[in-house]
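Below is one structure, written out as structure tokens; comments come after it.
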Amino acid sequence: MNTAIELILAFLLPTAAGFALIGGVRTLRWAEERRCVAPAAEPIERLSANLRRLRAELEATETRSDVPAKALRLRALRGAYLETLAAACQRLEVSPPPRGDQVPQAEIYRVEAALRQRGLDVREIAAHSRQLRRGDPRSAATGTIAHRLEAVSPSWLR
């Protein structure tokens, strides 16, 4: 009986040691990946462009009637818009809208107004492109978002 136990240990001990070694290596790799530096924040110009694009696309989809799976598209666009809006809020130190599927429109307007006070006008391009389509010559944009944000943004953002 004693030799049977020694034989079992002789087979199981190297196997257990191998699994422990592999597990240790994987744990070290996992810990190293977690310590990596977070990716650089998305530039504010790209965030603002994405917000304007998503806002214009959301407005266009809401008003059209010939869109297949319109409810699904609107839900996806609203989700993307709210996620991008929250990222812009974080960058410009504005309280973001609440998370979830059913965010009140009044809350979105509040956040957009707060961002506008910080120099990021979400509706600017949509109105600008509508004026250009109508042929309004007064619709030329003055300055870039970077120039307007310089005055109101925190120093670490510059």
Subset of the range 31-45 (residues that are surrounded by 10 or more Cβ atoms within 10 Å (Cβ to Cβ) and assigned to a helix (DSSP H, G or I)): I44, E45
Residue under evaluation L7, criteria (1) free of Cβ contacts under 8 Å to residues at least 24 places away in the same chain; (2) among the aliphatic types (A, V, I, L, M); (3) not in a helix (DSSP H, G or I), criterion not met: (3)
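Looking at the range 63-139, what helices (runs of 4 or more DSSP H) fall wholly within it and have at least 1 residues that are modelled with pLDDT of 90 or more and either under 25 Å from E42 (Cα atoms) or in contact with a strand residue (DSSP E or B) (Cβ under 8 Å, 6 or more places away or on another chain) (or both)? Let's see the steps before the verdict.
Working: elements: 70-91, 105-117, 124-134.
Qualifying helices (runs of 4 or more DSSP H): 70-91, 105-117.
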Residue within the range 86-104 that is in contact with a Leu (Cβ under 9 Å, 6 or more places away or on another chain), in contact (Cβ under 8 Å) with a residue 60 or more places away in the chain and surrounded by 12 or more Cβ atoms within 10 Å (Cβ to Cβ) present: yes
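The values are calculated or read from the model by the stated rules, or taken from the named source; none is laboratory data. Keep in mind that this is a model prediction, so the values were computed, not measured. Heads up, the Cβs are rebuilt from the backbone with ideal geometry, glycines too, and the neighbour counts pull from every protein chain shown.
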